[in-house]
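Have a look at the structure below, then the notes.
The values are calculated or read from the model by the stated rules, or taken from the named source; none is laboratory data. Quick caveat: nothing in here was measured; it's all calculated off a predicted structure. For neighbour counting, all protein chains shown are included, and Cβ atoms are generated from backbone atoms with ideal geometry for every residue, glycine included.
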Amino acid sequence: MLTDGAGICRYRVQDMPKDSLLVVSAHVGDFAWRAGGAIALYATRGHEVNIVCLAYGERGESARYWRMGMELDEVKKARREEAEKAATVLGAKITFFDADDYPLIETPELLDRLAGIYRQTRPTVVLTHTEKDPWNKDHEAAHSMALEARIIAQAPGYHGKGDPLGAPPVFLFEPHQTEYSGFMPDVLLDITEVWDTKLEAMQCMEGQTHLWDYYTDVAKRRGVQAKRNSGPNLGLETDTMGEAYQRVYPQVAAELS
Ligand SMILES: [Zn+2]
């Protein structure tokens with residue numbers, strides 16, 4: 001991990017021991033736009049990556065397919081295939097809960113299943129949505145379930161198989177309407193070396209082609225911020241692509257930098 005004088009952290013995954021990354025995504029596209037770089041970085045370096053898609057986003061995030069005249073089952077099938085392809089490109093395993101979207105509703109059954117995933121995969125890092133997203137309540141529901149299931153999996157009395165979970169840090173990935181969702185990143189992840197992989201994964205999402213350029217621009221902007229906040233000369237030598245994250249729980253460390 002690298003830190004700079006302004007307190008912004010830049011993580012280099014190669015500095016870390018073997019990890020298990022768990023990504024809790026409301027819909028199929030979300031993990032690619034918001035965390036595709038982190039997923040590719042971890043997978044490339046031999047870490048385990050598991051993605052959970054709570055819903056396909058068939059009703060709310062597949063407008064292109066509805067305009068083409070597809071029926072519900074066809075949309076779900078198409079979105080699932082895109083997500084499987086994107087996960088393969090990124091080097092991750094993917095699980096679909098096939099909950100309804102718009103609205104995605106938190107239920108005891110979904111929480112129990114997700115807590116079971118926590119116990120099985122033993123994540124050392126968790127990525128999910130922000131607490132607030134006034135444009136997309138499904139994302140807020142995913143955030144709530146990701147945190148609640150983590151807490152359940154930590155409970156010694158939980159009936160699920162496996163030992164109680166420790167305390168993996170939770171990082172929130174970037175929402176679509178950043179400022180209005182109260183997102184204030186405290187981690188900028190350098191994803192330059194896997195940018196081509198992330199772009200290829202994003203381009204698997206044929207149902208949301210309008211977002212390919214948008215999230216390329218986001219990565220450029222976060223890359224510029226990463227350069228400005230790192231290195232002895234306040235800048236990296238190469239063009240940098242980045243992803244922004246916000247921690248939920250305090251960082252535990254033996255030293256400050
Ligand atoms: Zn979504």
Filtered residue count, segment 128-142, keeping only those that are within 18 Å of Tyr56 (Cα to Cα), under 14 Å from the mean Cα position of the chain (by Cα) and either surrounded by fewer than 23 Cβ atoms within 10 Å (Cβ to Cβ) or more than 14 Å from the ligand (Cβ to nearest atom) (or both): 1
Looking at segment 88-127, which of its residues are assigned to a helix (DSSP H, G or I) and touching a residue at least 60 places away in the same chain (Cβ under 8 Å)? Val89, Leu90, Leu114, Ile117, Tyr118, Thr121
Of the conditions (1) within 15 Å of the ligand (Cβ to nearest atom); (2) over 20 Å from His47 (Cβ atoms), the single one that Ala146 does not satisfy is (2)
Somewhere in segment 51-69, is a residue away from the ligand (no atom under 12 Å from the Cβ), more than 19 Å from Gly242 (Cβ to Cβ) and within 14 Å of the chain's Cα centre (by Cα)? yes
Tell me which residues, restricted to segment 1-32, are at pLDDT 90 or above, touching an Asp or Glu at 6+ places or on another chain (Cβ under 8 Å) and hydrophobic (A, V, I, L, M, F, W, C). Leu21, Ala26, Val28
Within segment 202-215, the residues that are among the hydroxyl-bearing types (Ser, Thr, Tyr) and surrounded by fewer than 15 Cβ atoms within 10 Å (Cβ to Cβ) are Thr209, Tyr214
Quick check, is Asp138 in contact (Cβ under 8 Å) with a residue 12 or more places away in the chain, closer than 29 Å to Ala226 by Cα and among the charged types (D, E, K, R)? no
I'd like the full set of residues that are of a type in the set (Gly, Ala, Ser) and away from the ligand (no atom under 16 Å from the Cβ), limited to segment 20-50. Ser20, Gly37, Ala38, Ala40, Ala43, Gly46
Out of Ile51, Ile39, I need the residue that is assigned to a strand (DSSP E or B), modelled with pLDDT of 95 or more and touching a strand residue (DSSP E or B) at 6+ places or on another chain (Cβ under 7 Å). Which one? Ile51
Taking segment 153-174 on its own, how many of its residues are within 23 Å of Gln246 (Cβ to Cβ) and either away from the ligand (no atom under 13 Å from the Cβ) or in a helix (DSSP H, G or I) (or both)? 10
Whether any residue in segment 101-108 is crowded, with 20+ Cβ neighbours inside 10 Å and within 15 Å of the ligand (Cβ to nearest atom) is what I want to check. yes
Would you point out which residue out of Gln177, Gln154, Gln120 is surrounded by fewer than 22 Cβ atoms within 10 Å (Cβ to Cβ) and closer than 21 Å to Pro250 by Cα? Gln154
Single match in Ala244, Ala226 (criterion: surrounded by 23 or more Cβ atoms within 10 Å (Cβ to Cβ), at pLDDT below 95 and closer than 21 Å to Val125 by Cβ): Ala226
